[in-house]
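Below: the structure, in structure tokens.
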């Protein structure tokens, strides 16, 4: 299994940020968001490829955070093909009064032959 990480920040006074990450061949089995920040307005996150194909619709960033399960099982299931560039889009409902930083982790499994 490979792990790829992407850091994203919605700066103070803004309501949007996005970033891209190249995912190697395989299946993106799971993903997760890690942050210690608490945004001043609700933040939703969407995953798409660079051709705007939706991999996961906008949901609260909290849905991507690990649950109380074991390390791997507590991550959000994604089940999307790798070998492409993924765009992570974060948007809040209002401009934030403080920076909101988070790290998105992707767990890529080798495809079975």
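The values are calculated or read from the model by the stated rules, or taken from the named source; none is laboratory data. In this text, all values refer to a predicted model and were calculated from it rather than measured experimentally. Backbone-built Cβ (ideal geometry, glycine too); neighbour counts: all protein chains shown.
Across the range 87-97, the number of residues qualifying as in a loop (DSSP other than H, G, I, E, B) and closer than 17 Å to residue 9 by Cβ comes to 4. Count of the range 61-86 residues, restricted to those that are at pLDDT 95 or above, part of a strand (DSSP E or B) and within 19 Å of residue 35 (Cβ to Cβ), is 1.
Does residue 41 count as under 11 Å from the mean Cα position of the chain (by Cα) and without any contact (Cβ under 8 Å) to a residue 60 or more places away in the chain?
Taking the combined requirement at face value, the residue does not satisfy it.
Residues in the range 3-15: is at least one closer than 16 Å to residue 79 by Cα and touching a residue at least 12 places away in the same chain (Cβ under 8 Å)?
Residues of the range 3-15 closer than 16 Å to residue 79 by Cα: 3-4.
The next check asks that each one be touching a residue at least 12 places away in the same chain (Cβ under 8 Å); those that pass are 3-4.
So far as the range 3-15 goes, yes, one or more of its residues are closer than 16 Å to residue 79 by Cα and touching a residue at least 12 places away in the same chain (Cβ under 8 Å).
Only strands (runs of 3 or more DSSP E) whose full extent lies in the range 1-46 are considered here, and the ones with at least 3 residues that are touching a helix residue (DSSP H, G or I) at 6+ places or on another chain (Cβ under 9 Å) are 27-34.
So which residues in the range 69-91 are touching a residue at least 60 places away in the same chain (Cβ under 8 Å) and surrounded by fewer than 14 Cβ atoms within 10 Å (Cβ to Cβ)? Give the steps one after another, and end with the answer.
Start the filter on the range 69-91 by keeping residues that are touching a residue at least 60 places away in the same chain (Cβ under 8 Å), which leaves 83-91.
83, 85, listed by residue number.
Only residues that are surrounded by 16 or more Cβ atoms within 10 Å (Cβ to Cβ) and under 11 Å from residue 89 (Cα atoms): list them for the range 21-68, please. Scanning the range 21-68 gives 43, 44, 45, 46, 47, 48, 49, 56, 61. For the range 92-111, taking the residues that are under 14 Å from residue 24 (Cα atoms) and surrounded by fewer than 16 Cβ atoms within 10 Å (Cβ to Cβ), the one that is modelled with the lowest pLDDT is identified as 111.
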